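Comments concern the structure below.
Every number in this text was worked out from the coordinates using simple rules, so none of it is lab data. Just so you know, these numbers come straight off a predicted model, no measurement behind them. Don't worry about glycine lacking a Cβ; one is built from the backbone with ideal geometry, like all the others, and counts go over all protein chains shown.
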Amino acid sequence: MEDDNLIDMKEDIVNAGRDLFNKGILENNEGNISLRVSKKDEMLITPTGNNYQKITANQVVHMKFNGTALSTGKLPSTEAKMHALIYESRPKVKCVIHTHSTYASMLSIIRKRIPIIMEEQIIYLGGSIEISPYGEAHTDDIGESALTALSYKNGALLANHGVIVCGKSIQNAIKNAELVEKFAKVYWGALQIGEPYILDNEPLDKFRDMFKKLFSSCPRSMLKDI
Ligand SMILES: [Zn+2]
């Protein structure tokens with residue numbers, strides 16, 4: 001496999017940011033998007049104080065997982081440590097996206113997990129969307145908390161903060177960021193009008209198999225018992 005083309009990857013991050021901004025999932029100066037640089041302990045990540053409408057590819061930051069800058073100019077997102085920790089712990093993850101999307105953030109502040117309410121939740125995310133223990137922003141704590149909540153899955157809520165998603169590709173991660181917000185909105189809405197029917201006890205193995213084959217991004221060993 002050829003080495004990654006860093007310019008194309010930076011463009012992919014810019015386009016993903018614009019896409020998620022236009023859909024109301026990301027807001028300026030909030031959230032962040034990163035991509036793993038293959039075969040190296042490096043990533044590309046949106047800069048701190050980012051404006052998703054104005055950002056250009058040359059403002060995307062190239063850095064090592066240990067924090068060493070490999071590009072000049074903008075400083076990396078203050079949540080870079082959380083992204084690096086996920087890449088180091090989950091070798092198949094190619095893209096990490098963190099958002100403060102509204103409905104998911106609402107659930108995160110009442111510390112309400114999203115049980116399995118729709119089949120596609122299993123296919124793309126792996127099942128229920130758990131909520132992390134509280135971790136102070138910009139520290140190692142929040143990265144550890146995010147990993148705990150993610151477990152083998154592709155998305156989780158961060159207590160009193162927002163959302164973390166990952167994927168084997170940038171397209172998967174974008175879809176996961178959108179889905180977490182959609183499920184949060186649907187679940188919130190359902191709670192307003194009645195008691196949601198939860199699918200946890202239905203036979204869902206078919207959808208779990210699809211997740212395992214198509215979209216899981218965790219080490220294979222984590223999938224044994226699901
Ligand atoms: Zn944040």
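Points to keep in mind about this one:
- Take the Cα of Thr102, go 7 Å toward its beta carbon, and none of the backbone nitrogen atoms of the stretch 158-175 fall under 13 Å from that spot.
- Across Phe215, Phe21, Phe65, mean-square fluctuation computed from a Gaussian network of the chain (C-alpha pairs under 10 Å connected) peaks at Phe21.
- The simple Förster model, with R0 at 35 Å and r as the Cβ-Cβ distance, assigns Lys212 and Thr56 a FRET efficiency of 0.35.
- The equivalent ellipsoid that matches the C-alpha gyration tensor of the stretch 152-226 spans semi-axes of 23, 18, 11 angstrom, in descending order.
- Basic side chains Lys and Arg get +1 at the Cβ, acidic Asp and Glu get -1 at the Cβ, and with that the dipole of the stretch 62-129 about its Cα centre reaches some 200 debye.
- Once both labels are positioned 7 Å from their Cα atoms along Cα-to-Cβ, the gap between Val186 and Asn66 label points is 4.5 nm.
- Assuming charge only on the beta carbon of Lys and Arg (+1) and of Asp and Glu (-1), the dipole of the chain about its Cα centre is about 220 debye to the nearest 20.
- Where a label projected 7 Å from the Cα of Met222 along Cα→Cβ would reach, residues of the stretch 172-198 with amide N under 20 Å: 172-181
- Inter-label distance, nm, simple model (7 Å from Cα along the C-beta direction), Glu136/Arg18: 3.8 nm
- Size of electric dipole in the stretch 1-135: Cβ of Lys, Arg +1 and of Asp, Glu -1, about Cα centre, debye, nearest 20: 360 debye
- Residues Glu119 and Asn160, FRET efficiency given R0 of 30 Å [Cβ-Cβ distance, rounded to 0.05]: 0.55
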